[in-house]
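Asker: Okay, here's the structure, questions in a sec.
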């Protein structure tokens with residue numbers, strides 16, 4: 001039986017929030033919201049090592065927020081972009097979770 005913390009929507013939201021919890025990943029995502037980039041462009045723009053950019057991109061990919069596509073002319077290059085449907089779903093889940101209209105009045109049931 002699932003407890004309240006094992007709900008699949010909460011699990012996915014936690015994955016997304018963990019991915020967004022690092023300033024470098026937020027900066028990468030901000031650049032990707034402006035369009036496709038390769039990791040060398042991201043590294044140059046942010047002043048970070050390419051291997052560090054790759055690490056953060058992998059985390060964003062695993063959370064489903066970013067996708068990579070190999071360049072057709074040279075498969076060594078990967079162009080990264082925002083996964084728009086996944087981003088919309090994450091935004092919707094976060095807005096739903098943080099909606100203050102869902103706060104219900106409740107008195108504690110402690111046995112005092």
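The values are calculated or read from the model by the stated rules, or taken from the named source; none is laboratory data. Predicted model, so just to flag it, every value in this text is computed and none were measured. Note: ideal-geometry Cβ built from the backbone for every residue, glycine included; neighbour counts use all protein chains shown.
Asker: Given 60, 52, 31, 48, which one is touching a helix residue (DSSP H, G or I) at 6+ places or on another chain (Cβ under 9 Å), in contact (Cβ under 8 Å) with a residue 12 or more places away in the chain and not in a helix (DSSP H, G or I)?
Answerer: Criteria check complete, one pass: 48.
Asker: Take the residues in the stretch 63-72 that are at pLDDT 90 or above and part of a loop (DSSP other than H, G, I, E, B), then tell me which one is farthest from residue 23 (Cα to Cα). Give the steps one after another, and end with the answer.
Answerer: Just the residues of the stretch 63-72 that are at pLDDT 90 or above, to begin with: 63-70.
From what is left, the residues that are part of a loop (DSSP other than H, G, I, E, B) are 63-65.
Details: 63: 16, 64: 18, 65: 15 Å.
The selected residue is 64.
Asker: Further, regarding this structure: Would you tally the residues in the stretch 74-106 being over 12 Å from residue 13 (Cβ atoms), in contact (Cβ under 8 Å) with a residue 24 or more places away in the chain and either under 12 Å from the mean Cα position of the chain (by Cα) or not in a loop (DSSP other than H, G, I, E, B) (or both)?
Answerer: Adding up the residues that qualify gives 5.
Asker: Out of everything in the stretch 34-44 that is in contact with a helix residue (DSSP H, G or I) (Cβ under 7 Å, 6 or more places away or on another chain) and either farther than 16 Å from residue 79 by Cα or surrounded by 15 or more Cβ atoms within 10 Å (Cβ to Cβ) (or both), what residue ends up being modelled with the lowest pLDDT? Can you show your working first?
Answerer: Applying the first criterion (in contact with a helix residue (DSSP H, G or I) (Cβ under 7 Å, 6 or more places away or on another chain)) to the stretch 34-44 yields 37, 39-40, 42-43.
Those left that are additionally either farther than 16 Å from residue 79 by Cα or surrounded by 15 or more Cβ atoms within 10 Å (Cβ to Cβ) (or both): 37, 39, 42-43.
Values: 37: 96, 39: 91, 42: 96, 43: 96.
My answer is 39.
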